[in-house]
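In what follows, a structure is listed as structure tokens, so that the remarks can point back to it.
The values are calculated or read from the model by the stated rules, or taken from the named source; none is laboratory data. As the structure is a computational prediction, the values presented were derived from the model and not from experiment. Glycine also receives a Cβ, built like all others from the backbone with ideal geometry; neighbour counts cover every protein chain displayed.
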């Protein structure tokens, strides 16, 4: 194990591979096999000690399945997918992976991933637990969803109360059935005189 500049141990190869497995098992990477292949290729290449091979051509041909005549100068697929991968990793570590002890990052320039230990705060651990159980929706979407669920629950309660205590139904004792202490007498239909 090596020691980083701040005196913190860098993650071991086993820790990095375990983190790679966690990231690749997340819904975003399961749904996007191209991103998963890209990430797996660059991480495994660095772990095999061949990080200097990670150029646009190599990634395009070996990770993204381009043909041998692939030209990264005219086809931007590697740069585009690298940008998508950087954003997907950032979203993963903001949500589901917030409390992961190891981080895999792709530098803004180039394709060589960096690995570092991360100590999550209590707040980020809570966010990670919520993200695992309820998804990683934006806060605004969560508030809207909570409001909709609250309204649906309130409606269901009102419907249930109406069914159980149908005060206008003569089969249940009519308007003065005693359940409401007589306050419904004002709602009684006028008697025929």
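Some points to look at:
- Pairs where the first residue, in the range 7-35, is at pLDDT below 90 and the second is assigned to a helix (DSSP H, G or I) and surrounded by 18 or more Cβ atoms within 10 Å (Cβ to Cβ), C-beta under 6 Å, 6+ apart: 28/88
- Exactly one residue out of 29, 70 is buried (at least 16 other Cβ atoms within 10 Å of the Cβ) and either over 18 Å from the mean Cα position of the chain (by Cα) or more than 25 Å from residue 97 (Cα to Cα) (or both), and it is 70.
- Whichever residue in the range 97-116 is out of contact with any helix residue (DSSP H, G or I) (no Cβ under 8 Å at 6 or more places or on another chain) and not in a loop (DSSP other than H, G, I, E, B) and, among such residues, is surrounded by the most Cβ atoms within 10 Å (Cβ to Cβ): 116
- Residue 56 being surrounded by 13 or more Cβ atoms within 10 Å (Cβ to Cβ), under 17 Å from residue 111 (Cβ atoms) and in contact (Cβ under 8 Å) with a residue 40 or more places away in the chain: yes
- Considering (1) touching a residue at least 24 places away in the same chain (Cβ under 8 Å); (2) touching a strand residue (DSSP E or B) at 6+ places or on another chain (Cβ under 7 Å), the lone condition that residue 78 does not fulfil carries the number (2).
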